[in-house]
Amino acid sequence: MSEFDFGPLWLSLRLAAVTTLLLLVVASPVAWWLARTRSPMRAAVEAVVALPLVLPPTVLGFYLLLLLGPQGPLGVLTGSTLTFTFSGLVIASILYSLPFVVQPLHNAFEAVGGKPLETAWCLRASPLDAFLTVAMPQAARGYLTAAVLGFTHTLGEFGVVLMVGGNIPGQTRVISIAIYDQVETLDYASAHLMSALLLGFSFVVLLVVYTLNRHLPAHHS
């Protein structure tokens with residue numbers, strides 16, 4: 001077995017952390033709108049958000065490659081390319097993990113119901129104040145679940161990150177790519193160690209989430 005390389009693990013953890021934080025910011029208004037709106041566009045938005053659940057990762061990765069490349073819209077606009085960069089991986093990860101964050105938040109906001117918000121509005125709270133001080137705290141379980149699903153799903157990405165980021169050590173070589181490389185070179189011992197670390201970490205995170213969810217108060221409308 002070759003010397004264990006912690007680089008892909010740290011890069012994966014960094015990517016998952018950055019992606020999860022940005023996803024919670026992006027997904028919150030989307031999930032809130034889906035939970036509250038009666039717009040006929042709701043079904044279309046839900047379908048777009050859920051697309052990564054059914055699309056092969058390579059399909060999403062291919063179109064992101066075109067979008068983020070030097071000849072793509074963003075490349076032409078910025079004069080540079082986001083492909084094969086950490087920033088490109090973050091954008092790809094946000095899109096790929098979006099439904100895993102939006103759906104738990106959507107369910108949590110629906111469970112809050114309208115009465116607590118109506119009470120806040122009667123007390124002259126602005127819509128933003130009501131969202132921040134009433135809806136978000138009561139959706140704590142949803143936020144916890146969304147954060148963990150977004151983080152662990154990003155941590156295990158392969159197809160999308162390979163298409164958009166390639167395999168550049170220290171920049172885009174995440175743990176899933178490293179495991180694939182080790183298997184291809186028949187370095188099964190290193191692949192087993194990395195896989196075991198990822199398996200153990202994922203189990204511990206999910207165990208903590210389920211334990212915390214049992215102790216968080218449930219809110220009903």
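Here are the numbers for this structure:
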| item | result |
| --- | --- |
| Flag if Thr172 is in contact with a helix residue (DSSP H, G or I) (Cβ under 6 Å, 6 or more places away or on another chain), at pLDDT 90 or above, part of a loop (DSSP other than H, G, I, E, B) and under 16 Å from Leu11 (Cα atoms) | yes |
| Residues of the range 40-77 classified as surrounded by fewer than 14 Cβ atoms within 10 Å (Cβ to Cβ) and touching a Phe, Trp or Tyr at 6+ places or on another chain (Cβ under 8 Å), total | 0 |
| Considering residues of the range 175-216 that are in a helix (DSSP H, G or I) and among the hydroxyl-bearing types (Ser, Thr, Tyr) only, the residue surrounded by the fewest Cβ atoms within 10 Å (Cβ to Cβ) | Thr211 |
| Number of positions in the range 116-132 that are within 24 Å of the chain's Cα centre (by Cα) and not aliphatic (A, V, I, L, M) | 1 |
| Of all residues in the range 93-115 being small (Gly, Ala, Ser) and in a helix (DSSP H, G or I), the one that is farthest from the chain's Cα centre (by Cα) | Ala111 |
| Residue check for Leu51: of a type in the set (A, V, I, L, M) and within 30 Å of Gln182 (Cβ to Cβ) | no |
| Leading residue by the ranking (nearest to Leu23 (Cα to Cα)) among those in the range 126-148 that are hydroxyl-bearing (Ser, Thr, Tyr) and either touching a strand residue (DSSP E or B) at 6+ places or on another chain (Cβ under 8 Å) or part of a helix (DSSP H, G or I) (or both) | Tyr143 |
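The values are calculated or read from the model by the stated rules, or taken from the named source; none is laboratory data. Remember, it's a predicted structure, so these values are computed and weren't measured experimentally. Note that each Cβ is placed from the backbone with ideal geometry, even for glycine, and that neighbours are counted across all protein chains shown.
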